[in-house]
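Quick note: the coordinates plus some simple rules give every number you see, no bench work behind them. Remember, it's a predicted structure, so these values are computed and weren't measured experimentally.
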Amino acid sequence: MSELPERGGELTFAAAPVTVLHTPGHTGGSVMFRFGGDDAALLATGDALLAGGPGRADAPGASPAALEASLRRVAATSPDDTRLLTGHGPTTTLSETGIR
């Protein structure tokens, strides 16, 4: 089994690239997984980004400023129609979250 890249990077999953995005804020060690490369339209966000917008950032180790910066970085490198697999609730698209 491969280790996760410490500060983000690429893994191979079923012969397709999976990019690990370091996205602190919801927790200090939060990550998202982009399936298929930088222009891919599938992103597993966990609890950092939900259908209604950003996730919580009030637990120990969380940081609202870091979460905002992480989400801006993800939004800047992802197409509007990116499908989000969120930690809670329905799937959505990046444009529907309102973080742009």
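Relative to the present Cα-Cα distance, how much length would full extension add between Ala16 and Asp81 at 0.36 nm per residue of separation?
21.4 nm is the gain from fully extending Ala16 to Asp81.
Considering only DSSP beta bridges whose two residues both sit in the chain, what percent are antiparallel, to the nearest 5? Please report the intermediate quantities before stating the final value.
Working: 16 of 21 bridges.
That works out to approximately 75 percent antiparallel.
Show that you can apply the helix-only estimate: for the chain, add -39,500 (n - 2.57) for every DSSP H stretch of four or more residues, divide by all residues, and state [θ] at 222 nm to the nearest 500.
On the way: 2 runs with 17 residues, N = 100.
Dividing the helical sum by the residues of the chain leaves -4500 deg cm²/dmol.
Below 8 Å, C-alpha to C-alpha, sequence gap of six or more: please give me the relative contact order for the stretch 9-94 in percent.
On the way: 189 pairs, mean separation 24.1, N = 86.
The normalised contact order for the stretch 9-94 reaches 28 percent.
Given 0.36 nm per residue, what is the gain on full extension from Arg73 to Thr91 after removing their alpha carbon distance, in nm?
Numbers: separation 18, 0.36 × 18 = 6.48 nm, distance 2.02 nm.
The Arg73-Thr91 span can extend by a further 4.5 nm.
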Next item on the list: Return P(r) of the stretch 9-94 (all Cα-Cα pairs; 10 Å bins starting at 0; whole %; ordered from short to long distances).
Entry: 20, 53, 25, 2
